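The values are calculated or read from the model by the stated rules, or taken from the named source; none is laboratory data. Here the structure is a predicted model, which is why all the values come from computation and not from measurement. Please note: Cβ atoms are built from the backbone with ideal geometry, for glycine as well, and neighbour counts cover all protein chains shown.
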């Protein structure tokens, strides 16, 4: 049975990917922070799901999780490492508490590197001669290439993860390990809901208040405007198994719109966003 590690599986993309892979016969080691979530998913998914209780910011716990996986593999290689765990911090950069920015980067960037250091060697160790090692999949975002105002902390973490993935892909050539980026657009997850409900009251007295209200409305996608987590799970399955994977997959509800935003002149996009949100000099 092929085994994969997925970080952040209690909900959202991580849970969608776990369901898809378990249904396809994979054993999934999934990281969660709460025992109640581990019990719930083990009951739903059965013996092919193995919970790992750790927070990606807790280095000792991440290492303990890696030891648990290594013991369970018994010398067999890991088929895939999917770095999915993440949070979203929002707010105007000129007013944002720096501790919130640090926490954003600690989870979405440093936590990924911690997981890589702990789990990635299992992708090539024990691989029989002539067979391909496992793969790394880093879940970034369409926000890894283009940024909305007031999401600076989140997109900073995802821009950085895109860069880390680029460097890592070239470093991993030494071991024959593919490094692939999955960049989702709007996905129907708890993070989307939390983003739409993000408390912007600390910024009510700032010049950004009116624009922030419009951004919150934008962050609440209407029906049909968000992908299901299982759709991202299918994309992850493809990236894990296709013989010649692309280095990056964008998976968005409106691919043409995403393409245009990523490729139109930046000044043009600035003007469009500024006009929509009222971010224009008076």
Somewhere in the range 5-15, is a residue more than 22 Å from the chain's Cα centre (by Cα) and either closer than 16 Å to residue 240 by Cα or in a helix (DSSP H, G or I) (or both)? no
Could you grab me the full set of residues in the range 195-214 that are in a helix (DSSP H, G or I), at pLDDT 80 or above and buried (at least 16 other Cβ atoms within 10 Å of the Cβ)? 203, 211, 212
Single unsatisfied condition, residue 238 versus (1) modelled with pLDDT of 95 or more; (2) surrounded by fewer than 20 Cβ atoms within 10 Å (Cβ to Cβ); (3) not in a helix (DSSP H, G or I): (3)
Assess whether residue 72 counts as being touching a residue at least 40 places away in the same chain (Cβ under 8 Å), on the phi < 0 side of the Ramachandran plot and touching a strand residue (DSSP E or B) at 6+ places or on another chain (Cβ under 8 Å). yes
Has the range 113-124 got at least one residue that is surrounded by fewer than 18 Cβ atoms within 10 Å (Cβ to Cβ), in a helix (DSSP H, G or I) and in contact (Cβ under 8 Å) with a residue 24 or more places away in the chain? yes
For the range 28-42, enumerate the residues that are under 14 Å from residue 15 (Cα atoms), without any contact (Cβ under 8 Å) to a residue 24 or more places away in the chain and part of a helix (DSSP H, G or I). 38, 39, 40, 42
From the option list 245, 253, single residue qualifying as in contact with a strand residue (DSSP E or B) (Cβ under 7 Å, 6 or more places away or on another chain), assigned to a loop (DSSP other than H, G, I, E, B) and modelled with pLDDT of 95 or more is 245
Quick check on the range 43-63: of everything there that is in a helix (DSSP H, G or I) and under 22 Å from the mean Cα position of the chain (by Cα), which residue is surrounded by the fewest Cβ atoms within 10 Å (Cβ to Cβ)? 60
